[in-house]
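Student: There's a structure below that I have some questions on.
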Amino acid sequence: MPTFDDSTECAASPEDVWLTLYDPLRFPEWWTGIESAVSGDELGGDADITIYPDGYPDFPMPQLVQSRTDDLRVTVTCTVSELAFDWRLEPVDTGTRISVHVEIPESEAHRLATQQSVISSSLRRLAEVASHG
């Protein structure tokens with residue numbers, strides 16, 4: 001199974017980053033390639049949230065989201081492609097280190113380079129959004 005890790009640091013406190021990260025309805029603000037998101041309750045089914053990729057308003061992608069406040073961690077798993085994103089926050093002297101570990105199933109291995117680019121961009125956007133409240 002292909003995997004990769006990425007991280008960045010920002011001046012925002014872990015609490016400020018958490019407020020942006022843990023709310024899946026805010027994913028379109030910072031997660032590159034996500035145009036919109038709706039609560040799983042609105043569509044029914046088992047998903048916690050359904051995202052719609054940029055340019056594909058008729059392609060719902062249900063997601064499972066697990067938040068853990070004890071270690072400032074959010075795991076997002078796509079129920080369509082089974083890509084898994086494990087986001088973690090860690091306090092550092094200058095603010096917060098935001099890290100993500102991504103697991104890509106073999107059937108989606110061809111998406112590795114694209115996902116690395118998307119996640120790199122998303123990390124930086126998350127840091128910027130969190131830093132500006």
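The values are calculated or read from the model by the stated rules, or taken from the named source; none is laboratory data. This is a predicted model, so every value here is computed, not measured. Because the Cβ atoms are built from the backbone with ideal geometry, glycine has one as well, and the counts that use them run over all protein chains shown. Note: accessible area is taken over every heavy atom of the protein model, side chains too, but ligands, DNA and RNA are not part of it. Shrake-Rupley method; radii C 1.70, N 1.55, O 1.52, S 1.80 Å.
Student: Need the failing condition index for residue 81 against (1) part of a loop (DSSP other than H, G, I, E, B); (2) open to solvent by less than 30 Å² (accessible area, probe 1.4 Å); (3) over 21 Å from residue 113 (Cα atoms); (4) without any contact (Cβ under 8 Å) to a residue 40 or more places away in the chain, just the number.
Tutor: (3)
Student: Let me ask something additional. Only one of 8, 50, 20 is of a type outside the set (D, E, K, R), farther than 20 Å from residue 117 by Cα, in a strand (DSSP E or B) and out of contact with any Cys (no Cβ under 7 Å at 6 or more places or on another chain). Can you tell me which?
Tutor: Result of the check over 8, 50, 20: 50.
Student: State all residues of the range 105-133 that are closer than 22 Å to residue 67 by Cα, in contact with a strand residue (DSSP E or B) (Cβ under 7 Å, 6 or more places away or on another chain) and not basic (Lys, Arg); if no residue qualifies, say none.
Tutor: Listed by number, the residues that qualify are 115, 119, 120, 123, 126, 127, 130, 131.
Student: Moving on. One residue is enough: does the range 57-64 have a residue meeting the conditions within 15 Å of residue 20 (Cα to Cα), outside any helix (DSSP H, G or I) and not β-branched (Val, Ile, Thr)?
Tutor: no
Student: Working carefully through the options 118, 100, 92, find the one that is touching a residue at least 60 places away in the same chain (Cβ under 8 Å) and touching a Phe, Trp or Tyr at 6+ places or on another chain (Cβ under 7 Å).
Tutor: 100
Student: Additional query: Looking at (1) of a type in the set (Gly, Ala, Ser); (2) farther than 28 Å from residue 12 by Cα; (3) at pLDDT 95 or above, which is the only condition residue 40 fails?
Tutor: Condition (3) is where residue 40 drops out.
Student: Which residue out of 38, 74 is closer than 20 Å to residue 102 by Cα and either of a type outside the set (Ser, Thr, Tyr) or outside any strand (DSSP E or B) (or both)?
Tutor: On the way: 38 fails: closer than 20 Å to residue 102 by Cα.
None of the other options fit; the residue is 74.
Student: For the range 33-74, which positions are among the β-branched types (Val, Ile, Thr) and surrounded by fewer than 17 Cβ atoms within 10 Å (Cβ to Cβ)?
Tutor: Answer for the range 33-74, where residues must be among the β-branched types (Val, Ile, Thr) and surrounded by fewer than 17 Cβ atoms within 10 Å (Cβ to Cβ): 38, 69.
Student: Pick from the range 27-54 the residues that are free of Cβ contacts under 8 Å to residues at least 60 places away in the same chain and out of contact with any strand residue (DSSP E or B) (no Cβ under 7 Å at 6 or more places or on another chain): which of them is farthest from residue 127 (Cα to Cα)?
Tutor: So the residue we want is 44.
Student: Being open to solvent by less than 40 Å² (accessible area, probe 1.4 Å) and over 11 Å from residue 130 (Cβ atoms) is the filter here; which residues of the range 9-31 pass it?
Tutor: Selection gives 24, 27, 28, 31.
Student: Step by step: first the residues of the range 92-130, then only those that are among the polar types (S, T, N, Q) and open to solvent by 60 Å² or more (accessible area, probe 1.4 Å), then the one that is nearest to residue 9 (Cα to Cα). Which residue is that?
Tutor: In this case the residue turns out to be 94.
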